[in-house]
Amino acid sequence: MHVVVAGASGFLGRHLVDALRERDHIVTRLVRRAAAADDESRWDPTAGQVDADLIGSADVVVNVAGSPTFGNPYSKRWAHDLRESRVTTTRTLAQAIAGSARKPAFLAGNAVGIYGDHGGQRVTEAADSRGHSLMTEVTRDWEAAAIPAREAGARVCMLRTAPVLDRASEPLRSLHRVFRLGLGGKIGSGSQYFPIISLRDWVGAVVHLAEQPDASGPVNLCCVETPTNAEFTQALARALGRPAFVPVPSPLLRVGAGPLAPELLGSVNLVPLALLDAGYEFRDPDVTGVIASGLAERR
């Protein structure tokens with residue numbers, strides 16, 4: 001297949017490109033500078049510009065572009081970039097797909113923040129979107145930006161991604177340092193469910209969706225058994241051989257995290273039903289496996 005990838009220079013994008021090429025797929029990376037290699041194509045999502053012929057020649061288009069999720073939650077610039085970097089890239093690609101003759105499949109990045117707080121309820125892709133937190137509002141707009149491709153008849157998968165745990169990236173990079181110092185602890189009561197996924201399962205799942213011609217609609221990218229925050233805390237502390245006795249009280253977190261606090265205190269007992277129905281086999285189905293994979297040294 002010919003796969004066009006936006007966000008190929010980011011952490012997830014780099015690993016996805018490598019995995020696609022290992023399976024002998026042809027990959028073209030969208031870049032915002034002048035193209036410097038045969039596998040690159042310049043685009044300007046802010047201006048709505050992308051090579052229409054390139055999109056029309058693709059079998060699959062994947063968008064994992066976006067500014068960093070981790071930043072100053074009180075910064076208006078950070079919040080603006082968080083939204084615009086996701087919505088404009090998705091809209092530009094969706095419109096290009098809608099205007100193409102072949103209608104390539106579109107794997108559009110998104111996040112589990114779209115669900116909001118669901119308490120202990122098991123959350124599949126059929127669940128509703130609740131609340132008006134920053135990330136919930138961003139993810140709604142992000143997902144809506146892909147509508148032109150779907151309405152034009154393209155196969156569209158919404159990649160509702162849980163935090164991807166790998167020691168080379170956030171949030172595990174920071175958590176690894178904190179827990180190694182013995183300063184780790186649960187957040188709030190710790191009873192809230194905390195969906196996660198390993199890097200290798202995220203990459204494997206996205207490649208699987210690209211290769212499955214019948215896969216479409218929202219897809220939860222998370223491990224099979226979602227842990228509570230307390231269970232995650234205990235598993236990470238155990239894996240690092242450190243205590244975890246320094247909890248973060250909810251009031252303190254609300255002040256420190258500001259508009260991102262609902263994402264940390266809310267509960268989403270996520271189930272990857274669409275992936276399981278599509279036949280994907282998880283390598284790291286639970287918190288122990290996800291953490292072990294995330295902490296492993298990579299060559």
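Here is a yes/no grid of residues against (1) farther than 24 Å from residue 98 by Cα; (2) outside any strand (DSSP E or B); (3) aromatic (Phe, Trp, Tyr):
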{"site": "21", "(1), (2), (3)": "yes, yes, no"}
{"site": "30", "(1), (2), (3)": "no, no, no"}
{"site": "56", "(1), (2), (3)": "no, yes, no"}
{"site": "61", "(1), (2), (3)": "no, no, no"}
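Going residue by residue through region 236-245, is there one that turns out to be among the charged types (D, E, K, R), in contact with a Phe, Trp or Tyr (Cβ under 7 Å, 6 or more places away or on another chain) and either under 25 Å from residue 262 (Cβ atoms) or assigned to a loop (DSSP other than H, G, I, E, B) (or both)? Looking through region 236-245, at least one residue is among the charged types (D, E, K, R), in contact with a Phe, Trp or Tyr (Cβ under 7 Å, 6 or more places away or on another chain) and either under 25 Å from residue 262 (Cβ atoms) or assigned to a loop (DSSP other than H, G, I, E, B) (or both).
Residues in region 222-248 that are under 19 Å from the mean Cα position of the chain (by Cα) and either under 19 Å from residue 125 (Cβ atoms) or among the aliphatic types (A, V, I, L, M) (or both): 222, 223, 224, 225, 226.
Take region 150-183 and flag every residue that is in contact with a Lys or Arg (Cβ under 8 Å, 6 or more places away or on another chain) and assigned to a helix (DSSP H, G or I). Residues satisfying the conditions are 173, 176, 179, 180. Which one is modelled with the highest pLDDT among residues in region 71-83 that are over 27 Å from residue 205 (Cβ atoms) and outside any helix (DSSP H, G or I)? Filtering region 71-83 for residues that are over 27 Å from residue 205 (Cβ atoms) and outside any helix (DSSP H, G or I), the one modelled with the highest pLDDT comes out as 75. Residue count for region 36-70 satisfying the condition of being modelled with pLDDT under 95 and surrounded by 15 or more Cβ atoms within 10 Å (Cβ to Cβ): 3. If I ask for residues that are part of a helix (DSSP H, G or I), touching a helix residue (DSSP H, G or I) at 6+ places or on another chain (Cβ under 6 Å), within 30 Å of residue 190 (Cβ to Cβ) and touching a residue at least 60 places away in the same chain (Cβ under 8 Å), which ones from region 84-128 would you list? Of everything in region 84-128, just one residue is part of a helix (DSSP H, G or I), touching a helix residue (DSSP H, G or I) at 6+ places or on another chain (Cβ under 6 Å), within 30 Å of residue 190 (Cβ to Cβ) and touching a residue at least 60 places away in the same chain (Cβ under 8 Å), namely 113.
Answer with yes or no whether residue 219 is farther than 28 Å from residue 18 by Cα, at pLDDT 95 or above and either within 18 Å of the chain's Cα centre (by Cα) or among the hydrophobic types (A, V, I, L, M, F, W, C) (or both). Spelling it out, it is not the case that residue 219 is farther than 28 Å from residue 18 by Cα, at pLDDT 95 or above and either within 18 Å of the chain's Cα centre (by Cα) or among the hydrophobic types (A, V, I, L, M, F, W, C) (or both).
The values are calculated or read from the model by the stated rules, or taken from the named source; none is laboratory data. Note that the coordinates shown come from a computational prediction; the quantities given were computed from them, not determined experimentally. When we count neighbours, we look across all protein chains shown, and the Cβ atoms used for this are built from the backbone with ideal geometry, even at glycine.
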